[in-house]
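The values are calculated or read from the model by the stated rules, or taken from the named source; none is laboratory data. Keep in mind that what you see is a predicted model, and the values were worked out from it rather than measured. Counting neighbours? That spans all protein chains shown, and the Cβs are built from the backbone with ideal geometry, glycine included. The area values use the complete protein model at the heavy-atom level, side chains included, leaving out ligands, DNA and RNA. Shrake-Rupley method; radii C 1.70, N 1.55, O 1.52, S 1.80 Å.
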Amino acid sequence: MAEELLVEKTAKLSTHLTKSLLAVAFLSSFGSSMLYGYNLAVVNSPAEYIKDFYNETLVEIYDWSPDEEVLTVLYSLTVSIFAIGGMCGALLVGRLVTKYGRKGTLVRASVLVFIGASLMGFSRGCRMPAMVIFGRFVTGVHSGISLSVVPMYLGEIAPKNLRGFLGLVPSIHICLGVFTAQVLGLHELLGKEDHWPLLLSLIVFPTLVQLMLLPWFPESPRYLLIEKGNVHATIAALKWFRTKGNIQAEVEEMQEEQRSLCSIQTISVRSLLTDRCVRWQVITICVVNIGMQLSGIDAIWFYTNEIFKNAGIPDPYIQYTTVGTGAIEVISGMLGCFTIERLGRRPLMIGGFVFMGLCCSGITVSILYQTQLSFMRYISVACVVGIIAGFCIGPAGVPFLITAELFKQSHRPAAYTVAGCLNWLSNFTIGFVFPFLEIATGPYCYLIFCAICLSVALYTIFIIPETKNKTFMEISQMFASKNDILKQEFTSSGLLKLAMMNGYGTLEDKRIEVIR
């Protein structure tokens, strides 16, 4: 019997951080989220070498020497095609996690890294620029899948009091990936003309480690119970992640969510967008994911060297300044990870976006007056560091975390598909448009980012509730009044009457005992 696997009810519920939880969080992030950060920043250092390669091969193959504008377009395509791949990957998330599970999807998607890395690594030897572009696209597909699946997986295996901490572990690895790309891109290491294909293809090593170890860890307990109905596997997975203590209450909470759903079938994206029961949850993930990418952080990551050059930093010092910003990213990401359960999601989001907005306006002012005041170049660098620090502390990981928290099991894959597509579409827009936007508006382009950051901060203040230490059932009820679909009524017998529809609204009245 499955019940025999449970410990005594009198035992204390174990919600502390176990070695198994920490190991799976770091392993899944190391081979997936870290690659996203690495691929964001790796094209920054060898930008001129990649343009030269495109120019040489076009002359060799087509006897055509492109002008600087054409090379800029090709390089912008190389940068931004990664986001197009990411959007395609995000579209696959719903079906993949439903069919293969959370962990199973991460393991199977790793093959894309080896394909993409091979294309980029051999592109120079084959004299084919298309291999670089297509390799970036394939690695983007992998990142699009993993960027949604890793937070989903960690959010479902974590106890509610550790969901914030584990949910931000991927954001630390994103920052670590950016920093690693910046360090390896130094001229003293791989930042040379002969080595840029190797620099682009090093992503295979973290993925190889993940592929060897991750299959030994259990699948998400919530997936096993709610979607597969496998109680034995659910309890075994929980005992693996919790190690000791009472898991009875956690199983009962999952079963309550399962009973609250009219159907345990995963709903489609179309059904999610037309379901008025989750209207404000959908609006929220749209706002925070679009705002996250249009905040200007991707412009900083993609074009750090060019931004510092425009700010007046001498060329020999630009690469070291860039590496310094990467170190700040890692420190800021760790700060956010260790403070989210103390401060909550909302304060980190609000503070991060407000601080980023102020720093964006600071960049505009410093560039405008750097010719009159020489110290303004240092103000510009400080503002860039401020944007990165503000982003890594809050907005970097919280949108992915709250996407898992705002939806129940049946809605979560579709929600991640929507959030991922918007995230990557915004990423592509910034990566492709920013060079031309900067040419057209000059330093005033950062004021656009400032307005977006402050707008998202205001939305967070007035709309998004605090989800810290709340179960998925409790969080769905917090949006009830905004969606105007859930009526609650405590009876004298201590029963909570819920009007249910898709787990949120009004089709059938049921009585569910309040778990104390």
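Hey, can you tell me all the residues within the stretch 84-110 that are over 22 Å from Pro218 (Cβ atoms) and either among the aliphatic types (A, V, I, L, M) or open to solvent by less than 10 Å² (accessible area, probe 1.4 Å) (or both)? Listed by number, the residues that qualify are Ile84, Gly85, Gly86, Met87, Gly89, Ala90, Leu91, Leu92. Scanning the stretch 338-352 for residues that are in contact with an Asp or Glu (Cβ under 9 Å, 6 or more places away or on another chain), open to solvent by less than 30 Å² (accessible area, probe 1.4 Å) and in a helix (DSSP H, G or I) returns a single hit, Arg345.
Quick check, is Val150 at pLDDT 90 or above and within 23 Å of Gly86 (Cα to Cα)? Here the answer is yes, as Val150 does meet what is asked. For the stretch 35-74, a tally of residues being assigned to a helix (DSSP H, G or I), within 30 Å of Val209 (Cβ to Cβ), open to solvent by 10 Å² or more (accessible area, probe 1.4 Å) and at pLDDT below 85 returns 1.
Among the conditions (1) assigned to a helix (DSSP H, G or I); (2) among the aromatic types (Phe, Trp, Tyr); (3) within 27 Å of Ile84 (Cα to Cα); (4) within 21 Å of the chain's Cα centre (by Cα), Tyr446 misses just one, which is (4). Looking across Tyr416, Tyr378, one residue alone is in a helix (DSSP H, G or I) and open to solvent by 10 Å² or more (accessible area, probe 1.4 Å). It is Tyr378. Within this structure, Ser32 fails the test of being more than 20 Å from Tyr223 (Cα to Cα), at pLDDT below 85 and open to solvent by less than 60 Å² (accessible area, probe 1.4 Å).
Does the stretch 144-164 include one or more residues that are open to solvent by less than 10 Å² (accessible area, probe 1.4 Å), among the small types (Gly, Ala, Ser), out of contact with any Pro (no Cβ under 6 Å at 6 or more places or on another chain) and under 17 Å from Val43 (Cα atoms)? So far as the stretch 144-164 goes, no, none of its residues is open to solvent by less than 10 Å² (accessible area, probe 1.4 Å), among the small types (Gly, Ala, Ser), out of contact with any Pro (no Cβ under 6 Å at 6 or more places or on another chain) and under 17 Å from Val43 (Cα atoms).
The requirement of being more than 17 Å from the chain's Cα centre (by Cα) and on the phi > 0 side of the Ramachandran plot is fulfilled nowhere in the stretch 346-365; no residue meets it. Remark: pairs (first residue in the stretch 367-382, under 10 Å from Pro443 (Cβ atoms); second residue part of a loop (DSSP other than H, G, I, E, B) and at pLDDT below 75; Cβ separation under 6 Å; 6+ apart in sequence or on different chains) = Gln370/Gly312; Ser380/Ala311.
Can you tell which of His173, His232 is at pLDDT 85 or above, open to solvent by less than 50 Å² (accessible area, probe 1.4 Å) and either within 27 Å of Phe391 (Cα to Cα) or more than 23 Å from the chain's Cα centre (by Cα) (or both)? None of the other options fit; the residue is His173.
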